[in-house]
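Bear in mind these aren't lab numbers, they're just calculated from the coordinates by the rules spelled out. Bear in mind that the values here come from a model prediction, so they are computed numbers and not experimental data. Quick reminder, even Gly has a Cβ in these numbers, built from the backbone with ideal geometry, and neighbours come from all protein chains shown.
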Amino acid sequence: MTGFDLVFRAPRVVTAAGEVARCIAVRDGRVAAIEPLAADLPGEETIGLADDEVLLPGLVDTHVHVNEPGRTEWEGFASATRAAAAGGITTIIDMPLNSVPPTVDVAALETKRKAAQGQVHVDVGFWGGAIPGNVGELRGLHDAGVFGFKCFLLHSGVDEFPQLSAAELDQYLEVLAGFPALLLVHAEDSQAVARAPAPHGERYADFLRSRPRGSENVAVAEVIESARWTGGRVHVLHLSSSDALPMLASARREGVAVSVETCPHYLTFDAETIADGATQFKCCPPIREAENREKLWRGLGEGVIDLVVSDHSPCTPELKRLDIGDFGVAWGGIASLQLSLPAVWTAARARGHRLVDVVRWMAERPAEVAGLRRKGGIALGGDADFCVFAPDEAFVVDPARLYHRHPVTPYAGRPLAGVVRGTWLRGRPVTGDEPRGTLLTRGEA
């Protein structure tokens, strides 16, 4: 076998060697050769990238709320994965809540897999849920192929996915350490939030006071100490408080197995410029001040923050309560799956970062944390998942051109840099005409 199914000739490719000129060949959905640009690699199809294009590995988003089944009117597998592909994302891992039933036992996992079957335009894996009373279900879900487990330390926003107490956090993490399996934690302290002023009205400043930095800081400290005591592996979700960065860095130096993510909205927006009544910006934990945002960027640049993922959590427009602009009653969640790459790149390059950094944060490290061995990079034997990206082309976000189910996003009207010109999954272009994605199982992906 001397020929290849597909060959990319790219003056700019982001690989483990950095940004280089390479010829990339694909056979049977895998990367089969990586050679100098001038190499004579014969392919059934050859694609030459333009001078303004860069070949990136397909991005990996490990924090997506698809919501199907049960709340498919909010979002579904077909629309979410089409949006992901349009944003250069070739793998997502779906969160266990907002769907009904939540993914807290094997039967619920099978229900979700059946709902997704035949609908996905990119590869999709699943997280399991850790809630009070399901400790006996964890091993079964693990063996059935979930990539890890998510829990909350305060009310999740939906009653069917209750929070773990401090004692349960220790108990569940000790059980998961025996497999071993990763525990993802929504780290806000319920008591700290309960003591804060209740969210109400149109003023964003009032909403921000209802979810203080201290609620995150206390919870992150609790998660670190639980991981230290149990020997378990933990991942802090959607960090918005920069105050927590020193203790995370310290815990890592001491050998605690903790990783951490943040999200494009925390790296893009700031509390000072969010208009009153603009509930499309509501999320929990909240978007904080510009000074806090810049410290998050420093944490990302220094490697304290491992990765950037969307936390795509859409709902129907009615639930955002844009009609009254009341942050106290609006659903908290940002819809941004398709825009993650240009949003992060726009802000990153303004701070002197390069595309190799963005690929590390949005492809390589998410894949490593989730245990996706063939994803996250352009490497021999890896899945031939690619994104052709034009980093210098600018556009203004038009919600009507987004593929997620409802055209509500805080990015509406925002100028961004970087256009995804094409996405390939296992060596085949994702056009939106035919869903060719695969449902992934831990250990096999």
The range 4-51: D in µm²/s via Stokes-Einstein (Kirkwood Rh, Cα pairs, 25 °C, 0.890 mPa s)? 232 µm²/s
Of the listed peptides 83-92, 100-109, 141-150, what is their order by residue-averaged count of other C-beta atoms within 10 Å, with the highest listed first? 83-92, 141-150, 100-109
So how strong a dipole does the range 129-276 carry about its Cα centre when Lys and Arg Cβ are +1 and Asp and Glu Cβ are -1, to the nearest 20 debye? 340 debye
Let me know the charge dipole size of the range 4-51 about its Cα centre in debye, to the nearest 20, where only the beta-carbon of Lys, Arg (+1) and Asp, Glu (-1) is charged. 160 debye
How far, in nm, would the chain grow between R139 and R253 when pulled straight, counting 0.36 nm per residue and subtracting the alpha carbon separation? 38.0 nm
Pull up the DSSP beta bridges for the range 4-51 and report the antiparallel fraction as a percent, rounded to 5. 75 percent
Burial-style ranking of 341-351, 433-443, average other-beta-carbon count within 10 Å with highest first, yields 341-351, 433-443
Work out the charge dipole of the chain with +1 on the Cβ of Lys and Arg and -1 on the Cβ of Asp and Glu about the Cα centre, then indicate which of T409, V329, A343 is farthest towards its positive end. A343
Can you bin the range 60-206 into rounded, prolate or oblate? Criterion: square roots of the alpha carbon gyration tensor eigenvalues sorted a ≥ b ≥ c, rounded for a/c under 1.5, prolate for a/b above b/c, oblate for the rest. oblate
Semi-axes of the equivalent ellipsoid of the chain: what are they in whole Å, largest first, if each equals the square root of 5 times a C-alpha gyration tensor eigenvalue? 34, 25, 21
Set of lysines near K112 by C-alpha distance (under 24 Å), chain-local residues within fewer than 8 positions excluded: K150, K375
Quick one: among A400, A278, A78, which has the greatest mean-square fluctuation in a GNM of the chain with alpha-carbon springs under 10 angstrom? A400
Going highest first, how would you order 386-392, 288-294, 309-315 by mean Cβ packing within 10 Å? 309-315, 386-392, 288-294
Between T46 and D323, with labels modelled 7 Å along Cα→Cβ, what's the label distance in nm to one decimal, could you check? 6.0 nm
If the chain between K295 and R228 were fully stretched, how many nm would it gain, using 0.36 nm times the residue separation less the Cα-Cα distance? 21.6 nm
So if we plug the beta-carbon distance of A194 and E174 into 1/(1 + (r/R0)^6) with R0 = 30 Å, what FRET efficiency do we get, rounded to 0.05? 0.65
Spin-label pair D159/D276, simplified geometry with 7 Å Cα→Cβ offset, distance in nm: 3.3 nm
